[in-house]
């Protein structure tokens, strides 16, 4: 270690981090490690904070975070998605004894937060005086004086990376309030506290710890120098030397310093940061971006509602095509939800259609009352000698169906075109006809079979808004250039969903947040999401492999609520 200090001293200069008063202040800050006592702390705090009938237990990381809020007064929490931040935010006012707590969340999570609160209240002694505001609302003109009017004594910022831009109106308002109310405590948590620079969160640390206890320099000059030495800056060759940051190094980091001083300095600083009282962090994840799944509900039209009435009550598509089983119902519902259905061209002979319709009705009745049969093939194998089956088999091969799409309403495809023009992301499609019509309306290229568009261009080489086939592009594609996705037909398969999410939520993703908007225009769309979630839970339980859908913050309705509503509204804005 002495050699390292000497090297740092020799390196110190105009273009190197110097061993000055600010660095010495940060070096002298206390350190703490919670690993040994986190489990027992979780048991102790659970007993204090749970209701008499509560059956939940705090996770160790949640207990540590709440203990830090109670003892330090604030919290800087680089906590990965899925670490249990929601419960921390809702219990924070209790452990901080706050009288006017304010919870800041993204607008898309306001409803989810309130629903989570209702569910958690049975298990936990949650304060009922938390005011919730969205970052988006607080940044509006009419909210300029909202903080001063409420005068919160505790500000809890979930997804605090929404405050990293110092020029944004919402950040300026929080900064001004915290400067004018120095006794106000601050809790800031996010799975993506920073993307590229320590300057993304330096101001947040000053709110959570107050300047004297923050493990980053208080002066602009020192902060800029540290950032130049530590930040990830592609293509920049002239960088400040880490210099005196070597004082943070342990033995392993000192060894690394000899060959890779910047990497050693980053590791040493990170350890100095997360061992500071009032800082609680989960282990680093390979992908530094959170995942948000958001339901979009285009308004239903009379034509789509009529088509669904026919589908649900007569088990037929709008042109009289009979539906044999639940799998066919699932498939046709997902078509109608997007505004089209497949018809036969030419139309089948009447005797062929009647025989097929009678057979389909027989199959439905059998499957509805059978505990062992689950498909049309199994029914045919069992009832091959039944008259209705023989009648169908006699005419089945006399007609070859040729299906073509028929549009009954284009409101959903127009909705997707507007989404593309606004967000410039990827629209994921299950149906070729929908994708081709969307390409006509939006002008965006459609990448179908083999990941190629109509001109033979590869999807990885595309820029701007695109349309992608789920079947052709949900595996093996490196699409991290996009961070916004719209799924028109949610896969009802955990493996395919994991692959699809992994196209944009992957190494090299530069956005803080990868967003998956999901159309929920029918119960089958929503049910697919929950089926994929159950699949993912099994994979995680069986193998321990983390699944992206389980790490996502999501705001999805239940299949029952979608099935029962008489008319979907524009509940979610683009």
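Derivation of every value follows stated rules applied to the coordinates shown; laboratory data play no part. Only a predicted model underlies this, so the values are computations on that prediction, with no experimental measurement involved. For neighbour counting, all protein chains shown are included, and Cβ atoms are generated from backbone atoms with ideal geometry for every residue, glycine included.
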| If one computes P(r) from the Cα atoms of segment 346-401, what percent of pairs lie at distances over 15 Å? | 46 percent
| query | How big is the gap, in Å, between the Cα center of segment 42-77 and the Cα center of segment 318-391? | reply | 55 Å
| note | Both in Å, the radius of gyration and Dmax of the C-alpha trace of the chain are 28.8, 96
| request: Report the relative contact order of segment 440-543, percent, no decimals, based on alpha-carbon pairs under 8 angstrom and at least 6 residues apart. | output: 25 percent
| request: Quickly rank 212-223, 268-279 as a protection proxy: mean count of other C-beta atoms within 10 Å, highest first. | output: 268-279, 212-223
| request: For each of 190, 370, 472, count neighbouring Cβ atoms within 10 Å of the residue's Cβ, then give the residues from fewest to most. | output: 370, 472, 190
| said: Please report the equivalent ellipsoid semi-axes of segment 70-131, computed as sqrt(5 x eigenvalue) of the Cα gyration tensor, largest first, in whole Å. | reply: 17, 15, 12
| message | Could you tell me the relative contact order of the chain? Use alpha-carbon pairs under 8 Å, at least six residues apart, and round to a whole percent. | response | 15 percent
| Where Rh is the Kirkwood radius over the Cα pairs of segment 32-214, the temperature 37 °C and the viscosity 0.692 mPa s, what D in µm²/s does Stokes-Einstein return? | 197 µm²/s
| query | Between rounded, prolate and oblate, where does segment 101-209 land on the alpha carbon gyration tensor, with a ≥ b ≥ c its root eigenvalues, rounded for a/c under 1.5, else prolate if a/b exceeds b/c? | reply | prolate
